[in-house]
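Trainee: Structure below; questions to follow.
The values are calculated or read from the model by the stated rules, or taken from the named source; none is laboratory data. Note that the coordinates shown come from a computational prediction; the quantities given were computed from them, not determined experimentally. All Cβ positions, even for glycine, are placed from backbone atoms using ideal geometry, and neighbour counts span all protein chains on display.
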């Protein structure tokens with residue numbers, strides 16, 4: 001199995017592992033996740049396919065980078081008009 005940091009994409013979505021700038025990599029990942037949500041939602045409700053894509057992609061992000069990606073993703077979703085609940 002390919003280690004998370006060796007994989008370059010998840011189901012065609014880039015993981016941006018080749019980008020050295022940490023903030024840019026985090027931003028790009030958050031935008032990809034938000035785009036997945038937008039592409040798989042109706043009335044700002046994410047469907048099962050979208051949720052599976054988001055979770056699968058997020059699992060490919062290295063563990064030590066996930067918290068920052070999660071925060072950036074949440075901020076991106078709020079900017080796009082989604083209501084986040086705990």
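Trainee: Quick check on my filter: what residues within the stretch 36-48 are part of a helix (DSSP H, G or I), in contact with a helix residue (DSSP H, G or I) (Cβ under 9 Å, 6 or more places away or on another chain) and without any contact (Cβ under 8 Å) to a residue 24 or more places away in the chain?
Mentor: 36, 39
Trainee: Do the conditions hold for residue 16, that is, is it outside any helix (DSSP H, G or I), surrounded by 11 or more Cβ atoms within 10 Å (Cβ to Cβ) and at pLDDT 95 or above?
Mentor: For residue 16, the condition - outside any helix (DSSP H, G or I), surrounded by 11 or more Cβ atoms within 10 Å (Cβ to Cβ) and at pLDDT 95 or above - is met.
Trainee: Please tell me if residue 33 is surrounded by fewer than 13 Cβ atoms within 10 Å (Cβ to Cβ) and either modelled with pLDDT of 95 or more or in a loop (DSSP other than H, G, I, E, B) (or both).
Mentor: In short, no.
Trainee: Here's something else I'd like to know. Does residue 66 fit the bill of being part of a helix (DSSP H, G or I) and touching a helix residue (DSSP H, G or I) at 6+ places or on another chain (Cβ under 6 Å)?
Mentor: Against the criterion (part of a helix (DSSP H, G or I) and touching a helix residue (DSSP H, G or I) at 6+ places or on another chain (Cβ under 6 Å)), residue 66 does not qualify.
Trainee: So which residues in the stretch 39-51 are surrounded by 14 or more Cβ atoms within 10 Å (Cβ to Cβ) and modelled with pLDDT of 95 or more?
Mentor: 40, 50, 51
Trainee: Is it the case that the stretch 69-86 has a residue that's part of a loop (DSSP other than H, G, I, E, B), surrounded by 14 or more Cβ atoms within 10 Å (Cβ to Cβ) and at pLDDT 95 or above?
Mentor: Within the stretch 69-86 (the criterion being part of a loop (DSSP other than H, G, I, E, B), surrounded by 14 or more Cβ atoms within 10 Å (Cβ to Cβ) and at pLDDT 95 or above), the answer is no, since none of the residues qualifies.
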